[in-house]
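Here's the structure, in structure tokens; my notes come after.
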Amino acid sequence: MTVIKSSEEIAIMHKAGKTVAAVLQRLRREVRPGIQTRLLDTVAVEELKKHDARASFKGYRGFPASLCVSVNDEVVHGIPSARRLNEGDIVSLDFGAIVQGFHGDAAITVGVGKVSPEAQKLMDVTEGALMEGIKAAHNKARLGDISAAIQDYVESRGFSVVREYSGHGVGRELHEDPLVPNFGIRGEGPLMRKGMTLALEPMVNAGGWHTRVAENKWTVLTADGSLSAHFEHTIAISDGEPEVLTLL
Ligand code: MG
């Protein structure tokens, strides 16, 4: 677990976070019908070159790309490929960057052209759930308060939270303790303390919460073939509401 102790360290985390935000903003503009998902990876690497940073995911446990691209029923960890995006698809883009030894990690889901009302609602609810989780992540909160806030927001709107994958501590390592599940019980779990840095990342399915892993051993899909969306920010626990580090 990384606990930020100095203003120098938090400044570096901000820099890593802003780098991730800049890459995702660029990618959002590139998403369009007909584009191959591997071109999005190329664009991410190109954008990263403008910053003094490296991609966190490239080579992580053997992951072959810098960007995760997960389309429609793909939940997370999709590998960029020759696949072309189609009008009406939704595409989740997950990116991490390391600056001077500190990681930032964030994700967005973007509609390709015009999407169905259900797909739009799924994306809106997932982003809303992330914001609820952030609001709950105040100093002295319990981890379960964050998890429950995300779960309640999603389930009361008729969708389900993925349970096999979670948010996580982030900082000196990409994935650190504690796990931050998107479901839980208020008042339970470790106490949040000022300076803790976490990646909150609701993964929300339009159908059931179960997932499966594709033959490539990376891509996670919904078990029932329903759509899935994913939003993520890296935050630092502060005195009041947390600082969101992966913003421009
Ligand atoms: Mg993450």
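The values are calculated or read from the model by the stated rules, or taken from the named source; none is laboratory data. Everything quoted here is computed from the prediction, not taken from an experiment. Here the Cβ is made from the backbone with ideal geometry for all residues, glycine too, and neighbour counts use every protein chain on show. Ligands, DNA and RNA are excluded from the accessible area calculation, which covers all protein heavy atoms including side chains. Shrake-Rupley method; radii C 1.70, N 1.55, O 1.52, S 1.80 Å.
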Practice problem: Only residues of region 66-96 count here: report those whose backbone N is under 19 Å from the spot 7 Å along Cα→Cβ of Glu215, or say none. | Solution: 71, 73-75, 78-84
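How high is the relative contact order of region 86-236, given as a whole-number percent (alpha carbon pairs under 8 Å, six or more residues apart)?
Computed over region 86-236, the figure is 27 percent.
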Quiz item: Residue separation times 0.36 nm, minus the C-alpha to C-alpha distance between Glu87 and Ser156: what's the value?
Solution: 21.9 nm
Quiz item: Considering only Leu48, Thr246, Val162, whose Cα is most displaced toward the positive end of the charge dipole of the chain, charges sitting on Cβ of Lys, Arg (+1) and Asp, Glu (-1)?
Solution: Leu48
Self-check item: 3J(HN,Hα) from dihedral phi, region 141-148, Karplus parametrisation 6.51/-1.76/1.60, rounded to Hz, x for glycine, proline
Solution: 5, 9, 3, x, 5, 5, 4, 5
Exercise. Provide the per-residue ³J(HN,Hα) series for region 44-55, in order, calculated from phi with Karplus coefficients 6.51, -1.76, 1.60 and θ = phi - 60°, each as a whole number of Hz, with x at glycine and proline positions.
Key: 4, 5, 4, 5, 4, 5, 6, 10, 8, 8, 10, 6
Quiz item: If you rank Asp145, Asp224, Asp177, Asp105 by how much accessible surface each has, with a 1.4 Å probe, what is the order from largest down?
Solution: Asp177, Asp224, Asp145, Asp105
Self-check item: Label point distance in nm, His51-Glu164, each placed 7 Å from Cα along Cα→Cβ
Solution: 3.0
Quiz item: Taking the Cα centre of the chain as the origin and placing charges on Cβ (Lys, Arg +1; Asp, Glu -1), which of Gly78, Leu191, Ala16 is farthest toward the positive end of the dipole?
Solution: Ala16
Quiz item: Dipole of the chain (Lys/Arg Cβ +1, Asp/Glu Cβ -1, origin at the Cα centre): which of Pro202, Thr126, Ala97 lies farthest to the positive side?
Solution: Ala97
Quiz item: For region 213-225, what does the Karplus curve 6.51 cos²θ - 1.76 cosθ + 1.60, with θ = phi - 60°, yield as ³J(HN,Hα) per residue in whole Hz, taken in order and with x for Gly and Pro?
Solution: 10, 5, 4, 6, 6, 10, 5, 9, 10, 5, 5, 9, x
Quiz item: What is the set of long-range amide H partners of Thr211 at a cut-off below 5 Å, with H atoms built 1.01 Å from backbone N?
Solution: Ala223
Self-check item: Simple Cβ-charge dipole of the chain, Lys/Arg +1 and Asp/Glu -1, about Cα centre, in debye nearest 20
Solution: 520
Quiz item: Going down the list Lys18/Lys121; Lys58/Lys114; Lys18/Lys114; Lys15/Lys58, which pairs span over 21 Å between their C-alpha atoms?
Solution: Lys18/Lys121; Lys58/Lys114; Lys18/Lys114
Quiz item: Under the definition of Cα pairs under 8 Å and six or more residues apart, what whole-number percent is the relative contact order of region 11-108?
Solution: 37
